[in-house]
Each structure stands twice: as C-alpha cells, then as structure tokens.
Amino acid sequence: MDRIYALGISCIEFIQYWFKDSEDFFEFVNNVSNPHHVLEIMFPVVSIVDSVFAAQLLLCMAFGGWLNAVMKWWLLEDRPYWWVRETSFYIGHRPQLRQFRHTCETGPGCPSGHSATTAMILMLAVMWISHVMNDRKYYIWWWKYVVYPLFAAGLGSVMLARMFVATHFPHQCLLGALVGSFIAPALCIYVSDPFIWQYGAHAKLPVSRAVAWHTFSAVITVIIAAVTYFSLTLCGWDPQWTVKLAFRWCESPDDIHVSTTPMYSLVQSTAALLGWALFVTPAVAQYRHDSKNRSLIISAFTTALIFYGIRHFQDNICKSHAWWYYAMHFLTGVLKPALLLRLTPAVATWPFRTQDKQKIA
C-alpha cells in the first residue's frame, strides 16, 4: 500500500500545484458535497416538492452513509495529510502537502464519502429527470447530451476537490464514486413509484409486514456496525485511532468537527434508516399523486418550522456525555422522516380535504 499511497501523493502534489489558483472553488465544492449537509439540508428541501424522490434520497443517503462508515473501518486506510507525516517510506525529502479548511477529517480514508454522495445524488437526478422526460408532455430528446456531461463534470470536480485538499488518495475517490453509482439505482429499483413496495417481491405483503421487514433490516445494520466496532477493539485496534491522527497533524484543530467522525456518521445514517423503515409507506407515494391538492406554501412553512426546531434542539444537546449526545441525535434522526414525509404532507393537504368535505355537504 505504501507504493500506492506514494503514487497518490504525487498526484495530489500535481493537483495542488496545477490548480493552486482555484482554492475558493474547490473549498466551495467540498462544502456543497458534504454528506452531512446533504442529509440535513437537501433532504428537507426536496421533501417539500416530491415526497417519493425525498424518500429515495433519504434511503440512498442513509444506506450509503452506513456502508461508507462501515467500509472505512473494514479497510482502515490512511488519509494523505497524516500518512505523509507518519510514514517511513520516504528517505530524505518528504513531500509537503498544503492543508485547507476541509482537510482535517477524522475517519479512515477509504472510500470517499463525498464522492459516493455526489455519485448517488447525480444518479438519482438522472433517474428523476428520465422519469419526467418519459412523460410525453415534457419529453426533450437531447436532454441526455446536456445532463450527462454536466453530471460527469460535477463528479469529476468533487473527486479533484477531495484530492486538492489532501483528504483522499485517488483510488479512494474512485472507489467512493463507484459505490455511490451502484447504490442509487439498486435501491431506487426497490423504492419505486407509485406505491413504494406494492409491486415486485413485496407485492402481496401487507403494509405492517413490510414495515416490520424494513425495521428488522435497519436493526441488522445497527448490529453490523456494533459488531464491527467491538471486533476492532477485541483485535487490538482502536476504532478512534484516526481521530488522534487528525488532531496530531491538522495545522488548525478548530477545523475538526464531530460530524466527520465515523461514530457520528453511523449514528446519523442508522437513525435515518430506522426512520425510513418505520414511516415510509405507500402513503408517502400517495402524497405525490395528491400534489394538486397540496399547498407548497404550507409545506415549505411547516418544513422550515420543523428544520428550525430540530436544529435548535440539536444545538442545545449536552456535549459532555458522549452516549447521551449520540442518543439524542439518533432520536431526532429517527423522527425526522416522520415529520417531513408524513406530518408535513398531511398538514399541507388538510385545507383541501376540508374544502372537499364542504363541497360534499
């Protein structure tokens, strides 16, 4: 691996030199493609417009975040900015990598979560646009010739940005992009419109049994994460060893955030998976078909209130007790799909249901 890492360091040095005047652009790309921001901001915004697409986005982000965090612990690879300081591979001259605000992340390096997130979102966007274009009212024959190059450029920009800030080696970015590209289509085949799982393998299952099956699957992901954590401990590995390396070699420790730790990522993703399993039912798809009887203004206002309430609650969680901190974040992660995919659409359609009753009367 040292030779692969050394080759990656050479690529990163070249990228940092060649694009040295593009620091602001790459910092912006790193911020936009942050998986934490996508789940915290993009999911609520999408839920206002399309509940099914939001459910697909939530499932892909939750499962992708869980798989990414677990794979990081399985593979246990280094990140460039600390490997180049720790390794004994170099004799004499040691490469000097520049560090930026987004450099100091605390988890193992492989695969790249930013690359996987971007690939998932772009694949979801392609499938959503294809869904719209299949409607003859909106069909544009040349859309693929515009969308595909733009999305390829977007994914390439994220991969370059992760290497530019010395957070990932090239092969880690490539693996992340491949994982994300396969996860999105695989999961969206299962979570299909119009009635989620009423077609296919689960067509004959009642909703209660389908919810039970999804909940059982979500619990299994929690168990796998816990087994992975304690297996590393029993084998003599410290699952938090990368956090210590980040603090040791980060030139600005203030740039290290709890959202970059593997533990926080697992708590966030497993909570979202459990919330999806409990609250995403055929009713979510029905809200899409009732879009004519739904107020976007009420939906946006309700979503904003929920978003503000959750953020206010999370900002005031006591940080002195780690388990309490993670437990409260897990609870809010479980409740978020219920609030955004069930409560908000119900509130947004309520005035129209009242009008329909008055007409019948």
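For the condition touching a Ser or Thr at 6+ places or on another chain (Cβ under 9 Å) and assigned to a loop (DSSP other than H, G, I, E, B), what is the one hit in His102, His93?
Just a single option satisfies the conditions, and that option is His102.
This table checks each residue for (1) within 24 Å of Phe164 (Cβ to Cβ); (2) assigned to a helix (DSSP H, G or I); (3) at pLDDT 90 or above.
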position	(1), (2), (3)
Ser10	yes, yes, yes
Glu13	yes, yes, yes
Gln16	yes, yes, yes
Asp21	yes, no, no
Val29	yes, yes, yes
Val45	no, yes, yes
Ala62	no, yes, yes
Asn68	yes, yes, yes
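Going through segment 164-176 one residue at a time, which ones are hydrophobic (A, V, I, L, M, F, W, C) and buried (at least 24 other Cβ atoms within 10 Å of the Cβ)?
Across segment 164-176, the qualifying residues are Phe164, Val165, Ala166, Phe169, Cys173.
Could you please find all residues in segment 295-317 being hydrophobic (A, V, I, L, M, F, W, C) and either touching a strand residue (DSSP E or B) at 6+ places or on another chain (Cβ under 6 Å) or closer than 19 Å to Leu335 by Cα (or both)?
Of everything in segment 295-317, those that are hydrophobic (A, V, I, L, M, F, W, C) and either touching a strand residue (DSSP E or B) at 6+ places or on another chain (Cβ under 6 Å) or closer than 19 Å to Leu335 by Cα (or both) turn out to be Ala300, Phe301, Ala304, Leu305, Ile306, Phe307, Ile310, Phe313, Ile317.
Could you please find all residues in segment 307-361 being at pLDDT below 80, surrounded by 13 or more Cβ atoms within 10 Å (Cβ to Cβ) and within 25 Å of the chain's Cα centre (by Cα)?
Once the filter is applied, which keeps residues that are at pLDDT below 80, surrounded by 13 or more Cβ atoms within 10 Å (Cβ to Cβ) and within 25 Å of the chain's Cα centre (by Cα), segment 307-361 yields nothing.
So that you can scan it fast, the table gives a plain yes or no per residue for (1) in contact (Cβ under 8 Å) with a residue 40 or more places away in the chain; (2) acidic (Asp, Glu); (3) in a helix (DSSP H, G or I); (4) crowded, with 19+ Cβ neighbours inside 10 Å:
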| site | (1), (2), (3), (4) |
| --- | --- |
| Val222 | yes, no, yes, no |
| Ala226 | no, no, yes, no |
| Ser231 | no, no, yes, no |
| Gly236 | no, no, no, no |
| Lys244 | no, no, yes, no |
| Asp254 | no, yes, yes, no |
| Gln268 | yes, no, yes, yes |
| Ala271 | yes, no, yes, yes |
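Take segment 133-164 and flag every residue that is under 20 Å from the mean Cα position of the chain (by Cα) and within 28 Å of Arg3 (Cβ to Cβ).
Residues satisfying the conditions are Leu155, Gly156, Ser157, Val158, Met159, Leu160, Ala161, Arg162, Met163.
Restricting to segment 47-60, name every residue that is β-branched (Val, Ile, Thr) and modelled with pLDDT of 90 or more.
Result: no residue meets the conditions.
The values are calculated or read from the model by the stated rules, or taken from the named source; none is laboratory data. On a predicted model such as this, the values are computed, not experimentally measured, just so you know. FYI the Cβ positions are ideal-geometry reconstructions off the backbone, even for glycines, and counts take in every protein chain you see.
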